[in-house]
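Please read through the structure below; I'll follow up with questions.
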Amino acid sequence: MSGTYREKVIMHVDMDAFFASVEQRTNPALVGKPLVVCGAGKRTVVTTASYEARPHGIKSGMPLFEAKKRCPTLLCVEADIPKYIDASLRVLNILQEFTPDVEVYSIDEAFLDITGSLLLFRGAENIARIIKKSIKEQVGITCSIGIASNKLLAKLASDMEKPDGLKSIRDEEISSLLEGLPVEDMWGIGPRLAKYLNEMGVVTCGHLGRIPVHLLERRFGIIGRMLHNMARGVDDSPVVRFGTEPDAKSMGHSMTVQRDLKLRKEISWYLFLLSEMLGRRLRSGGYAGRTVVLTLRYTDFHTFSRRMTLKRHINTGPQIHETAERILDGIRLRDAVRLVGVSLANLARGAIQIPLFEGERRKIEVILAMDRVNDRYGDFTLSWGALMGSQMNRVVTPRWRPEDRL
Amino acid sequence: MHYITSERIKVGVIYGEKTRMKPVWFIWNGKKYHVTKVNHVWKDKDGREVLVFFSVSDEANTYLLCYNTLQMEWTICGTYTEG
(Lines give C-alpha, C1' and ligand atoms only; values in the text may rest on other atoms or scores of the structure.)
Protein backbone atom coordinates (compact mmCIF):
# COMPACT_ATOMS: atom_id res chain seq x y z
CA MET A 1 0.00 0.00 0.00
CA SER A 2 1.70 3.24 -1.13
CA GLY A 3 0.99 6.87 -0.37
CA THR A 4 0.47 8.66 2.91
CA TYR A 5 -2.19 10.42 4.89
CA ARG A 6 -1.66 13.33 7.29
CA GLU A 7 -2.33 12.66 10.96
CA LYS A 8 -5.88 11.35 10.57
CA VAL A 9 -7.57 8.83 8.29
CA ILE A 10 -11.20 9.66 7.64
CA MET A 11 -13.73 7.56 5.78
CA HIS A 12 -17.00 8.66 4.16
CA VAL A 13 -19.61 5.93 3.61
CA ASP A 14 -22.41 6.84 1.23
CA MET A 15 -25.20 4.39 0.45
CA ASP A 16 -25.93 4.11 -3.28
CA ALA A 17 -29.42 5.39 -4.27
CA PHE A 18 -30.41 4.39 -0.76
CA PHE A 19 -34.22 4.47 -0.75
CA ALA A 20 -34.44 3.03 -4.28
CA SER A 21 -31.92 0.29 -3.45
CA VAL A 22 -33.88 -0.77 -0.37
CA GLU A 23 -37.07 -0.94 -2.45
CA GLN A 24 -35.36 -3.05 -5.14
CA ARG A 25 -34.13 -5.38 -2.40
CA THR A 26 -37.66 -5.63 -0.98
CA ASN A 27 -39.35 -6.27 -4.33
CA PRO A 28 -37.15 -8.24 -6.78
CA ALA A 29 -39.46 -7.30 -9.68
CA LEU A 30 -38.01 -3.78 -9.49
CA VAL A 31 -34.37 -4.82 -9.92
CA GLY A 32 -32.77 -3.43 -13.07
CA LYS A 33 -35.74 -1.16 -13.80
CA PRO A 34 -35.89 2.66 -13.81
CA LEU A 35 -37.46 3.43 -10.45
CA VAL A 36 -38.07 6.43 -8.24
CA VAL A 37 -39.13 6.67 -4.64
CA CYS A 38 -41.50 9.54 -4.07
CA GLY A 39 -43.97 10.95 -1.56
CA ALA A 40 -47.68 10.27 -1.41
CA GLY A 41 -50.13 12.32 -3.43
CA LYS A 42 -50.20 13.69 -6.92
CA ARG A 43 -48.04 16.77 -6.27
CA THR A 44 -44.98 14.93 -5.14
CA VAL A 45 -41.32 15.00 -6.06
CA VAL A 46 -38.66 12.37 -6.59
CA THR A 47 -36.93 11.52 -3.32
CA THR A 48 -34.44 9.08 -4.84
CA ALA A 49 -33.92 7.76 -8.36
CA SER A 50 -32.41 4.34 -9.03
CA TYR A 51 -29.27 4.19 -11.16
CA GLU A 52 -31.38 2.86 -14.02
CA ALA A 53 -33.52 6.02 -13.91
CA ARG A 54 -30.64 8.51 -13.70
CA PRO A 55 -29.49 8.29 -17.35
CA HIS A 56 -32.90 9.79 -18.23
CA GLY A 57 -31.87 12.92 -16.34
CA ILE A 58 -34.07 12.11 -13.35
CA LYS A 59 -32.80 13.54 -10.06
CA SER A 60 -33.89 14.04 -6.47
CA GLY A 61 -36.24 16.96 -6.10
CA MET A 62 -37.65 16.69 -9.63
CA PRO A 63 -41.47 16.82 -9.77
CA LEU A 64 -42.83 13.35 -10.47
CA PHE A 65 -44.80 14.44 -13.52
CA GLU A 66 -41.58 15.71 -15.11
CA ALA A 67 -39.74 12.49 -14.27
CA LYS A 68 -42.51 10.45 -15.93
CA LYS A 69 -42.27 12.60 -19.04
CA ARG A 70 -38.56 11.89 -19.26
CA CYS A 71 -39.08 8.17 -18.78
CA PRO A 72 -42.56 6.84 -19.63
CA THR A 73 -41.69 3.36 -18.27
CA LEU A 74 -40.64 4.82 -14.92
CA LEU A 75 -41.84 2.91 -11.89
CA CYS A 76 -42.77 4.84 -8.77
CA VAL A 77 -42.83 3.54 -5.20
CA GLU A 78 -44.20 5.52 -2.29
CA ALA A 79 -41.58 6.09 0.41
CA ASP A 80 -41.65 3.71 3.37
CA ILE A 81 -39.64 5.64 5.94
CA PRO A 82 -39.58 3.02 8.74
CA LYS A 83 -37.98 0.57 6.31
CA TYR A 84 -35.19 3.01 5.47
CA ILE A 85 -34.63 3.97 9.11
CA ASP A 86 -34.28 0.28 9.96
CA ALA A 87 -31.72 -0.23 7.16
CA SER A 88 -29.81 2.88 8.23
CA LEU A 89 -29.59 1.68 11.84
CA ARG A 90 -28.29 -1.68 10.68
CA VAL A 91 -25.59 0.06 8.64
CA LEU A 92 -24.72 2.17 11.71
CA ASN A 93 -24.28 -0.99 13.78
CA ILE A 94 -21.85 -2.35 11.18
CA LEU A 95 -19.83 0.88 11.09
CA GLN A 96 -19.56 0.98 14.87
CA GLU A 97 -17.79 -2.39 14.81
CA PHE A 98 -14.74 -0.66 13.36
CA THR A 99 -14.57 2.55 15.40
CA PRO A 100 -16.67 4.35 18.01
CA ASP A 101 -16.01 7.60 16.13
CA VAL A 102 -18.92 7.43 13.70
CA GLU A 103 -20.72 10.62 12.69
CA VAL A 104 -24.20 10.09 11.26
CA TYR A 105 -24.29 12.83 8.62
CA SER A 106 -27.68 11.83 7.23
CA ILE A 107 -29.87 8.75 6.91
CA ASP A 108 -27.59 7.40 4.16
CA GLU A 109 -24.17 8.91 4.88
CA ALA A 110 -21.67 8.63 7.69
CA PHE A 111 -18.13 9.73 8.47
CA LEU A 112 -15.72 7.49 10.37
CA ASP A 113 -12.45 8.41 12.02
CA ILE A 114 -10.52 5.16 11.57
CA THR A 115 -7.11 6.51 12.59
CA GLY A 116 -7.00 4.33 15.67
CA SER A 117 -8.31 1.23 13.88
CA LEU A 118 -5.74 0.91 11.10
CA LEU A 119 -3.40 -1.52 12.85
CA LEU A 120 -6.18 -3.72 14.18
CA PHE A 121 -7.88 -4.09 10.79
CA ARG A 122 -4.76 -3.96 8.59
CA GLY A 123 -5.29 -0.70 6.82
CA ALA A 124 -7.95 1.71 5.61
CA GLU A 125 -8.71 -0.02 2.33
CA ASN A 126 -9.17 -3.32 4.13
CA ILE A 127 -11.63 -1.75 6.56
CA ALA A 128 -13.52 -0.30 3.60
CA ARG A 129 -13.71 -3.65 1.83
CA ILE A 130 -14.99 -5.41 4.95
CA ILE A 131 -17.60 -2.67 5.50
CA LYS A 132 -18.83 -2.93 1.91
CA LYS A 133 -19.05 -6.72 2.13
CA SER A 134 -20.86 -6.63 5.49
CA ILE A 135 -23.41 -4.06 4.31
CA LYS A 136 -24.04 -6.07 1.15
CA GLU A 137 -24.50 -9.31 3.08
CA GLN A 138 -26.52 -8.00 6.01
CA VAL A 139 -28.55 -5.18 4.45
CA GLY A 140 -28.47 -6.25 0.81
CA ILE A 141 -27.39 -2.95 -0.73
CA THR A 142 -24.16 -1.33 -1.93
CA CYS A 143 -22.28 1.73 -0.76
CA SER A 144 -19.44 3.89 -2.00
CA ILE A 145 -16.56 4.71 0.31
CA GLY A 146 -14.03 7.53 0.19
CA ILE A 147 -10.84 7.62 2.26
CA ALA A 148 -8.69 10.69 2.87
CA SER A 149 -7.07 12.74 5.62
CA ASN A 150 -10.17 14.87 6.28
CA LYS A 151 -13.96 14.88 5.87
CA LEU A 152 -13.99 17.25 2.89
CA LEU A 153 -11.70 15.07 0.79
CA ALA A 154 -13.22 11.79 2.00
CA LYS A 155 -16.66 12.97 0.80
CA LEU A 156 -15.17 14.07 -2.51
CA ALA A 157 -13.54 10.66 -2.89
CA SER A 158 -16.72 8.67 -2.20
CA ASP A 159 -18.47 10.59 -4.98
CA MET A 160 -15.82 9.86 -7.56
CA GLU A 161 -16.52 6.18 -8.23
CA LYS A 162 -20.22 5.64 -7.57
CA PRO A 163 -21.92 3.21 -7.39
CA ASP A 164 -20.23 0.49 -5.31
CA GLY A 165 -16.97 2.43 -5.35
CA LEU A 166 -13.88 2.61 -3.17
CA LYS A 167 -11.55 5.54 -3.65
CA SER A 168 -8.63 6.85 -1.63
CA ILE A 169 -7.12 10.31 -1.96
CA ARG A 170 -3.53 10.32 -0.68
CA ASP A 171 -1.93 13.55 0.50
CA GLU A 172 0.42 13.72 -2.47
CA GLU A 173 -2.54 13.50 -4.86
CA ILE A 174 -4.50 16.44 -3.41
CA SER A 175 -2.98 19.29 -5.43
CA SER A 176 -3.24 17.62 -8.80
CA LEU A 177 -6.77 16.40 -8.09
CA LEU A 178 -8.10 19.79 -7.01
CA GLU A 179 -6.28 21.75 -9.74
CA GLY A 180 -8.82 20.84 -12.41
CA LEU A 181 -11.83 20.09 -10.20
CA PRO A 182 -14.82 22.33 -11.06
CA VAL A 183 -15.81 24.46 -8.05
CA GLU A 184 -19.40 23.18 -8.21
CA ASP A 185 -18.13 19.64 -7.50
CA MET A 186 -16.73 20.68 -4.13
CA TRP A 187 -18.85 19.83 -1.08
CA GLY A 188 -20.19 23.06 0.39
CA ILE A 189 -20.23 25.07 -2.86
CA GLY A 190 -23.80 25.12 -4.16
CA PRO A 191 -25.06 26.07 -7.64
CA ARG A 192 -25.58 29.75 -6.79
CA LEU A 193 -22.13 30.27 -5.29
CA ALA A 194 -20.56 28.27 -8.12
CA LYS A 195 -22.29 30.50 -10.70
CA TYR A 196 -21.06 33.60 -8.87
CA LEU A 197 -17.50 32.26 -8.80
CA ASN A 198 -17.68 31.29 -12.48
CA GLU A 199 -18.78 34.82 -13.35
CA MET A 200 -15.68 36.03 -11.51
CA GLY A 201 -13.59 33.78 -13.73
CA VAL A 202 -13.07 31.18 -11.01
CA VAL A 203 -13.93 27.86 -12.62
CA THR A 204 -11.78 25.30 -10.81
CA CYS A 205 -10.57 24.72 -7.27
CA GLY A 206 -7.08 25.43 -8.60
CA HIS A 207 -8.17 28.94 -9.59
CA LEU A 208 -9.94 29.46 -6.26
CA GLY A 209 -6.99 28.23 -4.21
CA ARG A 210 -4.64 30.76 -5.82
CA ILE A 211 -6.77 33.78 -4.90
CA PRO A 212 -5.25 35.46 -1.81
CA VAL A 213 -7.35 34.78 1.25
CA HIS A 214 -7.70 38.48 2.15
CA LEU A 215 -9.36 39.11 -1.25
CA LEU A 216 -11.80 36.25 -0.68
CA GLU A 217 -12.59 37.57 2.79
CA ARG A 218 -13.20 41.02 1.40
CA ARG A 219 -15.61 39.64 -1.21
CA PHE A 220 -17.31 36.89 0.78
CA GLY A 221 -16.81 37.88 4.39
CA ILE A 222 -16.36 35.12 6.91
CA ILE A 223 -16.72 32.31 4.36
CA GLY A 224 -13.84 33.67 2.30
CA ARG A 225 -11.28 31.83 4.39
CA MET A 226 -13.43 28.69 4.28
CA LEU A 227 -13.49 28.83 0.48
CA HIS A 228 -9.72 29.27 0.40
CA ASN A 229 -9.23 26.21 2.61
CA MET A 230 -11.76 24.13 0.68
CA ALA A 231 -10.03 24.85 -2.61
CA ARG A 232 -6.77 23.57 -1.12
CA GLY A 233 -8.36 20.49 0.44
CA VAL A 234 -7.93 21.77 3.99
CA ASP A 235 -10.59 20.84 6.54
CA ASP A 236 -10.02 20.56 10.27
CA SER A 237 -13.58 19.70 11.25
CA PRO A 238 -13.67 16.67 13.52
CA VAL A 239 -15.81 13.57 13.16
CA VAL A 240 -18.56 14.21 15.71
CA ARG A 241 -19.34 10.91 17.39
CA PHE A 242 -22.98 9.78 17.21
CA GLY A 243 -24.71 10.72 20.46
CA THR A 244 -22.48 13.73 21.14
CA GLU A 245 -23.91 16.05 18.49
CA PRO A 246 -24.83 19.59 19.57
CA ASP A 247 -28.49 20.20 20.33
CA ALA A 248 -30.86 21.05 17.51
CA LYS A 249 -31.23 24.76 16.77
CA SER A 250 -34.69 24.49 15.27
CA MET A 251 -37.30 21.91 14.43
CA GLY A 252 -40.21 22.08 12.02
CA HIS A 253 -42.72 20.40 9.77
CA SER A 254 -44.06 21.44 6.39
CA MET A 255 -46.54 19.91 4.00
CA THR A 256 -47.41 20.36 0.33
CA VAL A 257 -51.18 20.01 0.24
CA GLN A 258 -53.12 17.95 -2.27
CA ARG A 259 -55.19 20.88 -3.45
CA ASP A 260 -54.45 24.58 -3.17
CA LEU A 261 -55.84 26.25 -0.07
CA LYS A 262 -57.92 29.34 -0.70
CA LEU A 263 -59.73 29.69 2.62
CA ARG A 264 -58.04 30.85 5.79
CA LYS A 265 -59.76 28.14 7.85
CA GLU A 266 -58.27 25.47 5.55
CA ILE A 267 -54.76 26.86 6.21
CA SER A 268 -55.61 27.01 9.89
CA TRP A 269 -56.44 23.30 9.98
CA TYR A 270 -53.06 22.39 8.47
CA LEU A 271 -51.33 24.72 10.92
CA PHE A 272 -53.05 22.85 13.74
CA LEU A 273 -51.94 19.45 12.38
CA LEU A 274 -48.35 20.59 11.82
CA SER A 275 -48.21 22.27 15.24
CA GLU A 276 -49.38 19.05 16.88
CA MET A 277 -46.77 16.98 15.00
CA LEU A 278 -44.09 19.49 15.90
CA GLY A 279 -45.08 19.63 19.56
CA ARG A 280 -44.86 15.84 19.86
CA ARG A 281 -41.38 15.75 18.34
CA LEU A 282 -40.18 18.57 20.56
CA ARG A 283 -41.46 16.95 23.75
CA SER A 284 -39.97 13.57 22.86
CA GLY A 285 -36.56 15.26 22.48
CA GLY A 286 -36.99 17.33 25.65
CA TYR A 287 -36.95 20.61 23.67
CA ALA A 288 -38.93 23.80 23.87
CA GLY A 289 -38.53 26.96 21.81
CA ARG A 290 -39.35 30.66 21.81
CA THR A 291 -39.53 31.62 18.12
CA VAL A 292 -42.38 30.33 15.97
CA VAL A 293 -41.79 30.52 12.22
CA LEU A 294 -44.65 30.24 9.74
CA THR A 295 -43.78 29.40 6.13
CA LEU A 296 -46.19 29.61 3.20
CA ARG A 297 -45.77 28.92 -0.50
CA TYR A 298 -48.15 30.29 -3.09
CA THR A 299 -49.17 28.44 -6.23
CA ASP A 300 -46.58 30.48 -8.19
CA PHE A 301 -43.94 28.96 -5.83
CA HIS A 302 -43.22 32.27 -4.12
CA THR A 303 -42.22 31.15 -0.62
CA PHE A 304 -41.91 33.34 2.45
CA SER A 305 -41.63 33.07 6.22
CA ARG A 306 -42.72 35.22 9.12
CA ARG A 307 -41.68 34.76 12.71
CA MET A 308 -42.68 35.74 16.21
CA THR A 309 -40.51 35.43 19.32
CA LEU A 310 -42.24 34.84 22.65
CA LYS A 311 -41.11 35.70 26.14
CA ARG A 312 -41.21 32.11 27.32
CA HIS A 313 -40.46 28.69 25.85
CA ILE A 314 -43.33 26.55 24.52
CA ASN A 315 -43.66 23.03 23.18
CA THR A 316 -47.33 22.03 22.95
CA GLY A 317 -49.37 21.88 19.76
CA PRO A 318 -52.02 24.36 20.95
CA GLN A 319 -49.37 26.89 22.06
CA ILE A 320 -47.50 26.66 18.75
CA HIS A 321 -50.74 26.80 16.78
CA GLU A 322 -51.98 29.86 18.67
CA THR A 323 -48.78 31.76 17.84
CA ALA A 324 -48.82 30.60 14.21
CA GLU A 325 -52.40 31.88 13.94
CA ARG A 326 -51.31 35.27 15.28
CA ILE A 327 -48.61 35.39 12.63
CA LEU A 328 -51.13 34.40 9.94
CA ASP A 329 -53.45 37.20 11.09
CA GLY A 330 -50.76 39.68 10.08
CA ILE A 331 -50.45 38.33 6.53
CA ARG A 332 -52.65 39.48 3.67
CA LEU A 333 -52.73 36.44 1.39
CA ARG A 334 -52.50 37.34 -2.28
CA ASP A 335 -52.98 33.86 -3.72
CA ALA A 336 -53.93 30.29 -2.87
CA VAL A 337 -51.39 28.33 -0.83
CA ARG A 338 -49.78 25.02 -1.79
CA LEU A 339 -47.34 24.54 1.10
CA VAL A 340 -47.69 25.25 4.81
CA GLY A 341 -44.85 24.97 7.32
CA VAL A 342 -44.39 25.58 11.03
CA SER A 343 -41.10 25.50 12.89
CA LEU A 344 -39.79 26.45 16.30
CA ALA A 345 -36.37 28.05 16.82
CA ASN A 346 -34.39 29.31 19.82
CA LEU A 347 -34.58 25.81 21.23
CA ALA A 348 -33.45 24.78 24.68
CA ARG A 349 -33.72 21.64 26.74
CA GLY A 350 -35.45 21.66 30.13
CA ALA A 351 -36.72 25.21 29.56
CA ILE A 352 -40.39 24.60 30.32
CA GLN A 353 -41.52 26.25 33.54
CA ILE A 354 -44.36 24.83 35.63
CA PRO A 355 -47.32 27.14 34.94
CA LEU A 356 -48.47 29.32 37.81
CA PHE A 357 -52.21 28.84 37.35
CA GLU A 358 -54.03 25.55 37.77
CA GLY A 359 -55.91 25.85 34.48
CA GLU A 360 -52.64 26.00 32.56
CA ARG A 361 -51.14 23.15 34.59
CA ARG A 362 -54.12 20.93 33.75
CA LYS A 363 -53.72 21.61 30.05
CA ILE A 364 -50.09 20.47 30.25
CA GLU A 365 -51.10 17.36 32.21
CA VAL A 366 -53.67 16.44 29.56
CA ILE A 367 -51.06 16.76 26.82
CA LEU A 368 -48.53 14.64 28.72
CA ALA A 369 -51.22 12.01 29.32
CA MET A 370 -51.98 12.00 25.58
CA ASP A 371 -48.27 11.50 24.93
CA ARG A 372 -48.23 8.45 27.19
CA VAL A 373 -51.22 6.92 25.39
CA ASN A 374 -49.74 7.63 21.96
CA ASP A 375 -46.32 6.25 23.03
CA ARG A 376 -48.04 3.01 23.94
CA TYR A 377 -50.61 2.60 21.18
CA GLY A 378 -49.18 4.64 18.30
CA ASP A 379 -49.20 8.25 17.15
CA PHE A 380 -52.57 9.95 16.87
CA THR A 381 -54.32 7.14 18.78
CA LEU A 382 -55.51 9.97 21.01
CA SER A 383 -55.71 13.42 19.56
CA TRP A 384 -57.79 16.57 19.32
CA GLY A 385 -61.24 16.21 17.80
CA ALA A 386 -60.41 18.45 14.87
CA LEU A 387 -57.56 16.14 13.85
CA MET A 388 -59.27 12.77 14.15
CA GLY A 389 -58.58 10.69 11.07
CA SER A 390 -55.26 12.45 10.40
CA GLN A 391 -52.08 10.53 9.99
CA MET A 392 -48.67 11.64 11.08
CA ASN A 393 -46.32 11.09 8.21
CA ARG A 394 -42.89 10.23 9.36
CA VAL A 395 -40.31 12.52 7.93
CA VAL A 396 -36.63 12.18 7.24
CA THR A 397 -34.91 15.56 7.22
CA PRO A 398 -31.45 16.12 5.74
CA ARG A 399 -30.16 16.28 9.32
CA TRP A 400 -31.83 13.01 10.43
CA ARG A 401 -30.30 11.36 13.48
CA PRO A 402 -30.96 7.82 14.75
CA GLU A 403 -32.50 9.23 17.95
CA ASP A 404 -35.17 10.94 15.83
CA ARG A 405 -36.80 7.54 15.35
CA LEU A 406 -40.17 7.85 17.09
CA MET B 1 -47.62 -2.80 -3.92
CA HIS B 2 -51.09 -4.19 -3.64
CA TYR B 3 -52.35 -3.68 -0.11
CA ILE B 4 -54.63 -6.06 1.72
CA THR B 5 -56.26 -5.12 4.99
CA SER B 6 -54.07 -7.20 7.30
CA GLU B 7 -55.34 -10.76 7.39
CA ARG B 8 -54.16 -13.20 10.02
CA ILE B 9 -52.36 -16.20 8.60
CA LYS B 10 -50.60 -19.32 9.75
CA VAL B 11 -46.84 -19.32 9.17
CA GLY B 12 -44.18 -22.01 9.48
CA VAL B 13 -40.93 -20.52 10.82
CA ILE B 14 -37.40 -21.80 11.33
CA TYR B 15 -35.46 -20.23 14.19
CA GLY B 16 -31.70 -20.35 13.82
CA GLU B 17 -28.49 -18.73 14.98
CA LYS B 18 -27.68 -16.57 11.98
CA THR B 19 -31.06 -16.08 10.36
CA ARG B 20 -33.05 -15.93 13.62
CA MET B 21 -36.60 -16.04 12.24
CA LYS B 22 -37.11 -17.39 8.72
CA PRO B 23 -40.64 -18.00 7.41
CA VAL B 24 -40.64 -21.10 5.20
CA TRP B 25 -44.36 -21.43 4.37
CA PHE B 26 -47.64 -19.71 5.04
CA ILE B 27 -51.30 -20.57 4.57
CA TRP B 28 -53.54 -17.86 3.14
CA ASN B 29 -57.15 -18.32 2.02
CA GLY B 30 -56.77 -22.09 2.34
CA LYS B 31 -53.73 -22.28 0.05
CA LYS B 32 -50.21 -23.14 1.19
CA TYR B 33 -47.39 -20.95 -0.15
CA HIS B 34 -43.79 -22.20 0.01
CA VAL B 35 -41.26 -19.42 0.60
CA THR B 36 -38.28 -19.77 -1.73
CA LYS B 37 -36.58 -16.54 -0.71
CA VAL B 38 -36.69 -14.02 2.12
CA ASN B 39 -35.86 -10.78 0.31
CA HIS B 40 -35.70 -8.23 3.12
CA VAL B 41 -36.56 -7.96 6.80
CA TRP B 42 -37.16 -4.78 8.79
CA LYS B 43 -38.71 -3.60 12.02
CA ASP B 44 -41.07 -0.81 12.90
CA LYS B 45 -42.87 0.32 16.04
CA ASP B 46 -46.50 1.21 16.50
CA GLY B 47 -46.73 2.52 20.04
CA ARG B 48 -45.39 -0.30 22.20
CA GLU B 49 -45.85 -2.94 19.54
CA VAL B 50 -42.77 -4.00 17.60
CA LEU B 51 -43.65 -5.22 14.12
CA VAL B 52 -41.24 -7.28 12.04
CA PHE B 53 -41.86 -7.17 8.29
CA PHE B 54 -40.72 -9.88 5.90
CA SER B 55 -40.69 -9.51 2.13
CA VAL B 56 -40.82 -13.11 0.88
CA SER B 57 -41.14 -14.71 -2.54
CA ASP B 58 -42.38 -18.03 -3.82
CA GLU B 59 -41.97 -19.20 -7.42
CA ALA B 60 -44.52 -16.70 -8.71
CA ASN B 61 -44.96 -13.65 -6.49
CA THR B 62 -43.61 -11.55 -3.65
CA TYR B 63 -45.56 -11.01 -0.44
CA LEU B 64 -45.33 -8.82 2.63
CA LEU B 65 -45.76 -10.66 5.91
CA CYS B 66 -45.81 -9.04 9.32
CA TYR B 67 -45.08 -10.52 12.74
CA ASN B 68 -46.41 -8.59 15.75
CA THR B 69 -44.02 -9.43 18.60
CA LEU B 70 -46.42 -8.22 21.30
CA GLN B 71 -49.54 -10.02 20.04
CA MET B 72 -47.39 -12.91 18.71
CA GLU B 73 -49.41 -13.17 15.53
CA TRP B 74 -48.70 -13.19 11.82
CA THR B 75 -50.58 -11.22 9.18
CA ILE B 76 -50.24 -10.80 5.45
CA CYS B 77 -50.17 -7.12 4.45
CA GLY B 78 -49.96 -7.29 0.70
CA THR B 79 -48.51 -8.63 -2.49
CA TYR B 80 -45.84 -6.76 -4.42
CA THR B 81 -46.50 -5.75 -7.98
CA GLU B 82 -44.22 -4.04 -10.44
CA GLY B 83 -44.65 -0.41 -9.42
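Any residue in the stretch A:55-72 that's under 14 Å from A:Ala17 (Cβ atoms): show its pairings with residues that are open to solvent by less than 40 Å² (accessible area, probe 1.4 Å) and in a helix (DSSP H, G or I) at Cβ separation under 6 Å, as long as the two are six or more apart or on different chains.
Note: pairs meeting the criteria are A:Ile58/A:Ala67.
Here is a follow-up. When you go through (1) assigned to a loop (DSSP other than H, G, I, E, B); (2) among the hydroxyl-bearing types (Ser, Thr, Tyr); (3) open to solvent by less than 10 Å² (accessible area, probe 1.4 Å) one by one for A:Ser60, which number turns out not to apply?
Every condition holds for A:Ser60 apart from (3).
Among what's in the stretch A:306-325 and is assigned to a strand (DSSP E or B) and open to solvent by 60 Å² or more (accessible area, probe 1.4 Å), pick the residue that is nearest to A:Gln258 (Cα to Cα).
Of all residues in the stretch A:306-325, those assigned to a strand (DSSP E or B) come to A:306-314.
Next, only the ones that are open to solvent by 60 Å² or more (accessible area, probe 1.4 Å) stay: A:306-307, A:309, A:311-312.
Numbers: A:Arg306: 23, A:Arg307: 25, A:Thr309: 31, A:Lys311: 36, A:Arg312: 35 Å.
For the stretch A:306-325, the residue satisfying everything is A:Arg306.
Next up: Take the residues of the stretch A:68-90 that are more than 17 Å from the chain's Cα centre (by Cα) and of a type in the set (A, V, I, L, M): which is farthest from B:Phe53 (Cα to Cα)?
Pass one, the stretch A:68-90, residues more than 17 Å from the chain's Cα centre (by Cα): A:68-78, A:90.
Pick out the ones that are also of a type in the set (A, V, I, L, M) and you get A:74-75, A:77.
Values: A:Leu74: 26, A:Leu75: 23, A:Val77: 17 Å.
So the residue we want is A:Leu74.
Rundown of residues vs (1) of a type in the set (D, E, K, R); (2) open to solvent by less than 40 Å² (accessible area, probe 1.4 Å), yes/no style:
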{"site": "A:Glu7", "(1), (2)": "yes, no"}
{"site": "A:Phe65", "(1), (2)": "no, no"}
{"site": "A:Lys69", "(1), (2)": "yes, no"}
{"site": "A:Leu92", "(1), (2)": "no, yes"}
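Also: Does A:Gln138 satisfy being within 14 Å of chain B (Cβ to nearest Cβ) and either open to solvent by 50 Å² or more (accessible area, probe 1.4 Å) or closer than 27 Å to A:Leu181 by Cα (or both)? I'd like the intermediate steps shown before the answer.
Numbers: within 14 Å of chain B (Cβ to nearest Cβ): yes; either open to solvent by 50 Å² or more (accessible area, probe 1.4 Å) or closer than 27 Å to A:Leu181 by Cα (or both): yes.
Considered against the rule, which asks whether it is within 14 Å of chain B (Cβ to nearest Cβ) and either open to solvent by 50 Å² or more (accessible area, probe 1.4 Å) or closer than 27 Å to A:Leu181 by Cα (or both), A:Gln138 comes out as yes.
Still on this model: Within the set of pairs 6 or more residues apart or between chains, which connect a residue that is within 14 Å of A:Gly140 (Cα to Cα) and facing chain B (nearest Cβ under 10 Å) inside the stretch A:79-95 to a residue that is acidic (Asp, Glu) and surrounded by fewer than 19 Cβ atoms within 10 Å (Cβ to Cβ) with Cβ atoms less than 9 Å apart?
That search, which allows pairs on different chains as well, returns A:Lys83/B:Asp44; A:Asp86/B:Asp44.
If you don't mind, another one. How about the stretch A:250-275: which of its residues are within 27 Å of A:Gly378 (Cα to Cα), open to solvent by 20 Å² or more (accessible area, probe 1.4 Å) and not in a strand (DSSP E or B)?
First, pick out the residues of the stretch A:250-275 that are within 27 Å of A:Gly378 (Cα to Cα): A:250-258, A:266-275.
Now restrict to residues that are open to solvent by 20 Å² or more (accessible area, probe 1.4 Å): A:250-252, A:254-256, A:258, A:266, A:268-270, A:272.
A:Glu266, A:Ser268, A:Trp269, A:Tyr270, A:Phe272 - these are the residues of the stretch A:250-275 that are within 27 Å of A:Gly378 (Cα to Cα), open to solvent by 20 Å² or more (accessible area, probe 1.4 Å) and not in a strand (DSSP E or B).
Would you check if there is a residue in the stretch B:6-16 being in a loop (DSSP other than H, G, I, E, B), within 13 Å of the chain's Cα centre (by Cα), away from chain A (no Cβ under 11 Å) and of a type in the set (A, V, I, L, M, F, W, C)? Talk me through it step by step, then tell me what you get.
Taking the stretch B:6-16 first, the residues in a loop (DSSP other than H, G, I, E, B) are B:9, B:16.
Now drop any that are not within 13 Å of the chain's Cα centre (by Cα), which leaves B:9.
Applying the additional criterion that residues be away from chain A (no Cβ under 11 Å) yields B:9.
Those left that are additionally of a type in the set (A, V, I, L, M, F, W, C): B:9.
For the stretch B:6-16, residues in a loop (DSSP other than H, G, I, E, B), within 13 Å of the chain's Cα centre (by Cα), away from chain A (no Cβ under 11 Å) and of a type in the set (A, V, I, L, M, F, W, C): present.
Moving on to the next point. Filtering the stretch B:19-59 down to residues that are more than 10 Å from chain A (Cβ to nearest Cβ) and outside any strand (DSSP E or B), which residue is nearest to A:Val373 (Cα to Cα)?
By that ranking, first place goes to B:Arg20.
Within the bounds of the stretch A:31-50, is there any residue that is within 25 Å of A:Lys167 (Cβ to Cβ), surrounded by 16 or more Cβ atoms within 10 Å (Cβ to Cβ) and either aromatic (Phe, Trp, Tyr) or more than 13 Å from every other protein chain (Cβ to nearest Cβ) (or both)?
yes
Name the residues in the stretch A:176-204 that are open to solvent by 50 Å² or more (accessible area, probe 1.4 Å) and either of a type in the set (Phe, Trp, Tyr) or assigned to a helix (DSSP H, G or I) (or both), would you?
Scanning the stretch A:176-204 gives A:Ser176, A:Glu179, A:Glu184, A:Asp185, A:Trp187, A:Pro191, A:Arg192, A:Lys195, A:Tyr196, A:Asn198, A:Glu199.
Further question on the same structure: I'm trying to understand the selection: among the residues of the stretch A:205-225, which are among the small types (Gly, Ala, Ser) and assigned to a loop (DSSP other than H, G, I, E, B)? Walk me through how you get there before you give the answer.
Step one: list which residues in the stretch A:205-225 are among the small types (Gly, Ala, Ser), which gives A:206, A:209, A:221, A:224.
The one that is among the small types (Gly, Ala, Ser) and assigned to a loop (DSSP other than H, G, I, E, B): A:Gly221.
Would you confirm whether or not the stretch A:349-361 contains a residue that is open to solvent by 30 Å² or more (accessible area, probe 1.4 Å), touching a residue at least 24 places away in the same chain (Cβ under 8 Å), under 20 Å from A:Leu274 (Cα atoms) and outside any loop (DSSP other than H, G, I, E, B)?
no
The values are calculated or read from the model by the stated rules, or taken from the named source; none is laboratory data. Small disclaimer: the values here were computed from a predicted structure and weren't measured. When we count neighbours, we look across all protein chains shown, and the Cβ atoms used for this are built from the backbone with ideal geometry, even at glycine. Protein only, heavy atoms only, side chains kept; ligands, DNA and RNA dropped before computing areas. Shrake-Rupley method; radii C 1.70, N 1.55, O 1.52, S 1.80 Å.
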